[in-house]
1. Would you mind checking Lys204/Lys364; Lys204/Lys281; Lys283/Lys463; Lys319/Lys414; Lys402/Lys463; Lys194/Lys288 for any pair whose Cα atoms are more than 30 angstrom apart?
2. Within the accessible area of the stretch 307-349, what % is carbon and sulfur when the probe is 1.4 Å and the other protein chains stay in place?
3. Which percent of Cα-Cα pairs in the stretch 342-479 sits in each 10 Å bin, short to long?
4. Given N residues in the stretch 300-362, what is its alpha carbon radius of gyration divided by 2.2 N^0.38 Å?
5. Could you do me a favour and compute the accessible area per residue for the stretch 319-432, 1.4 Å probe, result in Å²?
6. Return the Rg/Rh value of the stretch 270-424, two decimal places, where both radii are evaluated on C-alpha atoms and Rh is the Kirkwood radius.
7. From Cα coordinates alone, what are the radius of gyration and Dmax values for the stretch 324-399 in angstrom?
8. Looking at the square roots a ≥ b ≥ c of the eigenvalues of the Cα gyration tensor of the stretch 126-207, which shape do they give, rounded for a/c under 1.5, prolate if a/b is larger than b/c, or oblate?
Amino acid sequence: MENNLTRKTMSGMVWKFAERIGYQLVTAIVSIVLARILMPEDYGIIAVVTIFITLCDVFISNGFGNALIQKVNADEVDFSSVFYVSLLFSLVLYILLFSIAPLISKFYNNNLITNVLRIMGLRLPIAAVYSVQQAYVTRKMQFRKFFIATLVGTLVSGGVGIGMAYGGLGIWALVGQNMSNMFVNMIVLFFVVKWRPKFVFSFKKVKGLLSYGWKLMLSGLLDTGYNQVCGLIIGKMYTTADLAYYDQGQKYPSLIANNLNSSMNSVLLSAMSKRQDDKEKVKQATRKSIKLSAYLLIPCMVGLACVAEQFVHVILTDKWLAAVPYIQIMCAVYALYPIQTANLTAIQAMGRSDLFLILEIIKKVVGIAALVASMWFGVLWIALTMLITTIFSSFVNAFPNKKLLNYSYLEQIKDILPSIGLAVLMGIPVYLLNYLPINSVIILVLQILAGIIIYVLFSALFKIESFVFLLGFVQQIFKKKKVTDAPNSDTDFDDKIETNAVLKDIDIDEDKDNSADNNLNK
C-alpha cells in the first residue's frame, strides 16, 4: 500500500482547498457587504478587541493541538486529557478577560469596548472544544468534515452578520458574525466527527504533550503578540479609523494567503509527521509545497496589488480608499509566505519545537526593534517595517533547513523564481489597464480576466512544473469520474495516481498508522 499516504494526502489537499476556497469566497462576500454598510470606526473597535481574543486563543489552540497531530501514537487518553485541560484553561482566560475589560476600555477611551470584549470572549471555551476536534480531524486527514463544518458555519454567520447590519445594529453585527461562526463550526463537527471526550485523564500524557507543545505555544504567542502589537500601537497612538484602514488593508491579502497556506500545511504537517525520521522525504515534500504554493499565491498577491485601487473603489466604496497602500504593501508581505510557512512546517513535523521557538525569538526581537523605530513616523511606516522584517524572517525560517534537510535559502528562491517571473509578466499589463478612460467596474473585470488568461497561457507556454502537475491532477479527477461511472469496471483509480503527486515520496507505515487509529477509536 505504498501509495496510501499519497492518496490520503491528495484527497485531504483537495478537501482542504475546497474548504478554504468556499470559506474565502463566502467570507469575502460577507466582508464586502458589511464594509459597505458599516463605518471604519466600527471595525476599529473590533480590531482592538480581536487583539486580546487572539492572544488568549494562542494558549488554547497552538500548543496541545499541534502536539496531538505530531505525536505518532496519540490515543484516546491523550485527546480526552487535552480536552479537559484546554476547556479549564479557556474558562480561566475568560474570567481574566472579563475582569480587565474596563481597564482596556479606559486605556483606549472607549466604553463600548468593555461589553464587546466580554461578549466576544465567550468564544474562548468554544475554541477549546473546536481545537481538539480540529486536531482529531487533521490527524486522521478527514478534511471533508472540515469542509462541511466550515461551509455551514461561514454561511450561517454571514447571514447573521448581514441581517444584523441591515437591522441597524452597527458594531454588534460584527460581534454576531464572529461568535456564530465559531459556535456553528463546533456544533457541526460534533455531529460529523465520531470522537467524543471520555472520562479519562492522565497528567503523564499531558506532561508529555506539553514538553513538545509549550514551545509551539510560546512561539505562537510571540508571533501573534508581535502581529497584534501593531494594532495596539496604531489604536493608541493614532485613531480607530487609522487602525481600521490598516486592518482592512491586511484583511484581503491575508485572507488569500492564510487560506492557501493553511490548506497545504495542515495536510503536510500530519503527513510529514508520520515520516519525520526520513529527511529526504520531508525535503521533497517541503520543496514541492513551496513550489506549488508559490505558483498559486504569488500571482494572487501581484494581481491584487495591481487592482487594489479599482477593487476598493468598486467593491468597498471610496470611504475605504485610504486602505489601498496598505493592501499593496501587505500583498508583498504575504507573497513570501510559501517560504515562511513550508520551512516552519517541516521543522515542526520533525519534532524540533525547540528550534521553532528559537527562530521566533530571533525574528520577534528584530521585528519589535524595527517597530519601535518606525512607529513615530506614521501608520504607513509601520506597514513598510512589516515588509522589511518579513523578508528577514523568510531567511531566518529557511536557514536551519540547509542543515536539517540540505535545502538552502538560495535553492528555495530558485524554486519560486518561475512563479515570480510569470507574476511580473502578468502584473504589468494588468496594472496598465488602470489608465483606461472607462468605467471602473469594466476596468476591474478586464483586469481580473486578463490576469488569469495571461498567467495560464504563459504557464502552458513555458511548461511550468506546478502548472503541469495541477493540470495532470485535474485530468486524473475526471478519469476517476469516468472510471466510477463505467459499468462493471474493476479499475482502481487510486492505484493509478501518478507518482508526481505533491508527497509521492512520503509513504505511511500502514500498520503503524492503523494501529494508532485503532487505539484512538477504542
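1. Lys204/Lys364; Lys204/Lys281; Lys319/Lys414; Lys194/Lys288
2. In the stretch 307-349, the share of accessible area belonging to carbon and sulfur is 60 percent.
3. Going from the shortest bin to the longest, the percentages are 10, 23, 26, 28, 11, 1.
4. Scaled against compact globular proteins, the figure is 1.60.
5. For the stretch 319-432, the solvent-accessible area averages 41 Å² per residue.
6. With Rh from the inverse mean 1/r over Cα pairs, Rg/Rh is 1.03.
7. 13.5, 42
8. Prolate shape, in that a/c is at least 1.5 and a/b is the bigger ratio.
The values are calculated or read from the model by the stated rules, or taken from the named source; none is laboratory data. Computed from a predicted model, the values in this text were never measured in an experiment. Just so you know, the surface numbers come from the protein's heavy atoms only, side chains and all, with ligands and any DNA or RNA stripped out. Shrake-Rupley method; radii C 1.70, N 1.55, O 1.52, S 1.80 Å.
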